[in-house]
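Worksheet for the structure shown next.
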Amino acid sequence: MSRLLALLQRETALAWGRGGGPLVAVGFYAGVATLLPLAIGPEPQRLAAIATGAAWVALALASLLSLDRLFERDFEDGALDLLTLSPVPLELTCFIKCLGQWLATGAPLAVAAPVAAIGLGASLDLAPLIFACALLGGLAFAFMGGIGAALSLGARRGGLLTAVIVLPLFVPPVIFGGGALDSFANGLPWRGGFALLAAYAAMAVALGPVAMAAACRNALS
Amino acid sequence: MTWAPAFLSNPERFMAFSRWAAPMFGVIAVALGAIGLYLGFTAPEDYQQGQTVRIMFIHVPAAQLSMFAYACLGVASFLSLIFRHALADAAAQAAAPLGAAFTFLALITGALWGRPMWGTWWVWDGRLTSVLVLFLLYIAYIALRASMDDEAKAARAGAILALVGVINLPIIHYSVEWWNSLHQGSSLFAKGGPAMPAVFLVPLLLMSLAYMSAFGSLWLVRIRGEVWRRRAEAAALRMAGT
């Protein structure tokens, strides 16, 4: 147990410090949220119609940012070899890496998401649901993204490749979260979409590490 | 299905089999395609869709093949991941661009059909969008393999990605359907038999079989090419070594 905690501490600290960590993610997120009204036009009605959707898509994009360093740094300096040799199974190590990634970037983004959505004109009542959706969605993004990051180990142009691999896999969480938020904003039942988002996040957390570990073993072989 | 990989897992036997099977499937594809197209173009106009109903004969089989090819990619990837079989990997590698091509064809013909029928090239509808995402999955697979220099690693990474895609594809499909759908339901596999008169059904089935044979033929040709390429590379390495 203490091993796992030490690992989690290491991963979170690295994710927090890695190239700016949460600052880069939230900064990117704020940048996208600022560019949107400049491109679409400042009319409040027009912006309010797309506020939740725009905040949600920007979240998916922002969670891509730091993925490329998730495994690559450990792969380059040999730490991944050592982690493979440790008594902790590699699947669990991958799980903890993604958890650290989520704590360091997913959680700060979840705090920023309601602010961005309200800034774009979403109603204040939406804030708790956006926060909850962003937390759950961030979990799904981190674990699906981890698969892409692990698969592109040892590839040329790994970072860009990760985005190409991962974006199609982001379709279900983007739909479920966006659907729940949109339904809530329009006074429709939203629990279905939220439950599906939670289910997808649970699946990503459960199955993602298996694929990540297989990909890491392949890259190290 | 289980006998086929076992029988074909021997590369020599595969090469002997595909030597005549590839052209045979090609001939079948051309023959069925010719009959299917003839029947399709002589079929009466649809009372709602007019002439444009004929786009169905090239659109629907392409859409079927786009999914069938991903299933082939998934099975081949599974076999290559579990048994580390070089031929299964060659099959997976060969299936991906073909599947992407059929998916692209389905998207293009769908757009050409949507323009006169729905008045728009593209709508963000459930079934259209899930085919578009399928296309992106093919692109991701091809891009991943293309950006890795080590072939053995590229093979396994690609196989893992293909299997992740196989697990995700139904979820993506149903999530997108849940999101928004106005595409008509399947006419072929409707409850109570195909919801289509025989004048349209017969050419459609012929075209489906023709597409399937064309895929089989092209797939075998591409696997053969891949086997030859690997043999040539191995031979070149041997030459360089001595």
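Within the stretch A:199-221, take every residue that is surrounded by fewer than 21 Cβ atoms within 10 Å (Cβ to Cβ) and of a type in the set (Gly, Ala, Ser) and give me the one that is modelled with the lowest pLDDT. Out of the qualifying residues, it is A:Ser221. Taken over the stretch A:15-38, residues that are under 20 Å from A:Ala134 (Cα atoms) and in contact (Cβ under 8 Å) with a residue 24 or more places away in the chain amount to 13. Checking A:Leu188, A:Leu161, A:Leu207, A:Leu169 one by one, the residue that is more than 28 Å from A:Gly31 (Cβ to Cβ), facing chain B (nearest Cβ under 8 Å) and without any contact (Cβ under 8 Å) to a residue 40 or more places away in the chain is A:Leu207 and no other. Kindly indicate whether A:Leu181 is outside any loop (DSSP other than H, G, I, E, B), within 14 Å of chain B (Cβ to nearest Cβ) and either at positive phi or surrounded by fewer than 23 Cβ atoms within 10 Å (Cβ to Cβ) (or both). When the stated conditions are applied, A:Leu181 does not pass them. Just to be sure, is A:Leu153 over 17 Å from B:Gly158 (Cβ atoms), at the interface with another protein chain (Cβ under 10 Å from one of its Cβ atoms) and hydrophobic (A, V, I, L, M, F, W, C)? No; evaluated as a whole, the condition is false for this residue. For the stretch A:25-82, filtering for residues that are in a helix (DSSP H, G or I) and either over 23 Å from the mean Cα position of the chain (by Cα) or under 30 Å from A:Ser221 (Cα atoms) (or both) leaves 27.
Filtering the stretch B:114-154 to residues that are more than 14 Å from B:Leu169 (Cβ to Cβ), within 8 Å of chain A (Cβ to nearest Cβ) and in contact (Cβ under 8 Å) with a residue 24 or more places away in the chain leaves only B:Ile139.
Restricting attention to the stretch B:121-145, the residues that are more than 18 Å from B:Ala62 (Cβ to Cβ) and of a type in the set (A, V, I, L, M, F, W, C) total 6.
The conditions of being at the interface with another protein chain (Cβ under 7 Å from one of its Cβ atoms), closer than 24 Å to A:Gly193 by Cα and crowded, with 19+ Cβ neighbours inside 10 Å are not met by B:Ile160. Of the numbered criteria (1) surrounded by 19 or more Cβ atoms within 10 Å (Cβ to Cβ); (2) at pLDDT 90 or above; (3) away from every other protein chain (no Cβ under 14 Å), the one A:Ile147 fails is (3).
In the condition set (1) in contact with a helix residue (DSSP H, G or I) (Cβ under 8 Å, 6 or more places away or on another chain); (2) under 16 Å from B:His59 (Cβ atoms), B:Ile108 is compliant with all but (1).
Residues in the stretch A:135-148 that are touching a Gly at 6+ places or on another chain (Cβ under 8 Å) and in contact (Cβ under 8 Å) with a residue 40 or more places away in the chain: A:Leu136, A:Gly137, A:Gly138, A:Leu139, A:Phe141, A:Ala142, A:Phe143, A:Met144, A:Gly146, A:Ile147. Residue count for the stretch B:57-87 under the criterion of being farther than 30 Å from B:Val202 by Cβ and of a type outside the set (A, V, I, L, M, F, W, C): the result is 5. Quick check on this structure: which one of A:Thr105, A:Thr12 is in a helix (DSSP H, G or I), touching a residue at least 24 places away in the same chain (Cβ under 8 Å), surrounded by 18 or more Cβ atoms within 10 Å (Cβ to Cβ) and over 13 Å from the mean Cα position of the chain (by Cα)? Matching residue, one of A:Thr105, A:Thr12: A:Thr12. Only one of the listed residues (B:Thr52, B:Thr103) is in a helix (DSSP H, G or I), of a type in the set (Ser, Thr, Tyr), touching a residue at least 24 places away in the same chain (Cβ under 8 Å) and crowded, with 21+ Cβ neighbours inside 10 Å. That residue is B:Thr103.
The values are calculated or read from the model by the stated rules, or taken from the named source; none is laboratory data. Because the structure is predicted, anything quoted here is derived from the model rather than measured. Glycine gets a Cβ as well: all are built from the backbone with ideal geometry, and neighbour counts include every protein chain shown.
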